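Below is one structure, written out as structure tokens; the observations come after it.
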Amino acid sequence: MAHASFTLTGIHEAAALTKDIARQLPFITSKALNETGKKLQKLVTQKLLPEKFILAGRQRPARGAPWWKPGTALGFNLKFARKTEGEGMNTVLGSRADWLALQETGGTKRAQGGRVAVPEGARKSLYDIVRASRRPRRLMQNRRAFARPLADGREAIFLRTGKNPRDISLMYVLEPEVPIAPILTFEHTTTAEASKIIGQTFSEEFYKAIKSTKPAN
């Protein structure tokens with residue numbers, strides 16, 4: 001009777017390799033989380049924010065970096081996962097800009113001890129940026145600026161634009177509170193994207209670990 005005989009070799013080497021890979025799993029996991037975080041950071045700063053906000057020239061600190069740039073105090077920065085953190089390890093992406101909370105969830109903006117200045121003529125259009133010299137506090141330091149009530153009783157800030165008493169421009173309306181629509185969608189966007197790429201990113205890091213691992217002699 002014809003028969004065939006098969007022999008499997010390298011079992012001990014494979015077992016040693018498997019043990020080594022198992023020891024590297026915390027590192028592989030942290031690397032996958034952090035690489036995913038970097039991809040999400042790029043998505044937020046290069047796609048999501050420009051779609052939702054007017055970013056050019058807005059709120060530049062003394063050193064000239066836009067507020068949202070990674071590495072700045074209010075920027076979208078990463079807290080990286082560490083392999084020593086165990087099963088609870090995670091990578092955190094976020095900004096310390098407290099005004100973003102209402103942009104994410106929606107709600108009512110209220111001024112602390114005052115009123116909310118809603119721009120009218122302070123910017124050229126709805127999509128323009130209010131220059132630093134035309135922000136409420138700076139504007140009121142201008143001798144041509146003054147506050148007075150509107151016909152409906154609301155307080156407003158005006159700017160004299162000529163010699164004629166009628167040459168004035170409405171700059172801001174002062175409101176006790178202002179409704180804010182939820183437009184940022186940061187959590188939804190990053191969660192959805194993370195679910196798409198985390199598996200592939202982990203596979204890539206796992207494959208790198210296998211390629212770099214040599215079984216113990």
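Below are the figures for this structure:
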{"read-out": "Condition check for Gly113: exposed (fewer than 10 other Cβ atoms within 10 Å of the Cβ) and either at negative phi or assigned by TED's automatic domain parsing to the domain that holds His188 (or both)", "value": "no"}
{"read-out": "Any hit, segment 134-144, residues being within 23 Å of Gly75 (Cα to Cα) and either surrounded by 10 or more Cβ atoms within 10 Å (Cβ to Cβ) or in the same structural domain as Ala81 (by TED's automatic domain parsing) (or both)", "value": "yes"}
{"read-out": "Considering residues of segment 168-217 that are touching a residue at least 12 places away in the same chain (Cβ under 8 Å), assigned to a helix (DSSP H, G or I) and of a type in the set (Ser, Thr, Tyr) only, the residue farthest from Val118 (Cα to Cα)", "value": "Thr201"}
{"read-out": "Residue in segment 6-13 that is closer than 26 Å to Ile210 by Cβ and either at pLDDT 75 or above or of a type in the set (Phe, Trp, Tyr) (or both) present", "value": "yes"}
{"read-out": "Selection count where residues are under 20 Å from Ala32 (Cβ atoms) and modelled with pLDDT under 90, scope segment 47-82", "value": "0"}
{"read-out": "Segment 94-147 - residue that is of a type in the set (Phe, Trp, Tyr) and over 15 Å from Ser169 (Cα atoms) and, of those, modelled with the lowest pLDDT", "value": "Tyr127"}
{"read-out": "Count - residues of segment 155-184 that are surrounded by 16 or more Cβ atoms within 10 Å (Cβ to Cβ) and of a type in the set (S, T, N, Q)", "value": "0"}
{"read-out": "Long-range neighbours under 6 Å by Cβ, at least six apart or interchain, first residue in the same structural domain as Thr189 (by TED's automatic domain parsing) within segment 28-53, second hydroxyl-bearing (Ser, Thr, Tyr)", "value": "Ala32/Thr201; Leu33/Thr91; Asn34/Thr91; Glu35/Thr201; Thr36/Thr201; Gly37/Thr91; Leu40/Thr190; Leu48/Thr189"}
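The values are calculated or read from the model by the stated rules, or taken from the named source; none is laboratory data. Every value quoted in this text rests on a predicted model; they were computed, and no experiment measured them. Cβ sites come from the backbone with ideal geometry, for glycine too, and all protein chains shown count toward neighbours.
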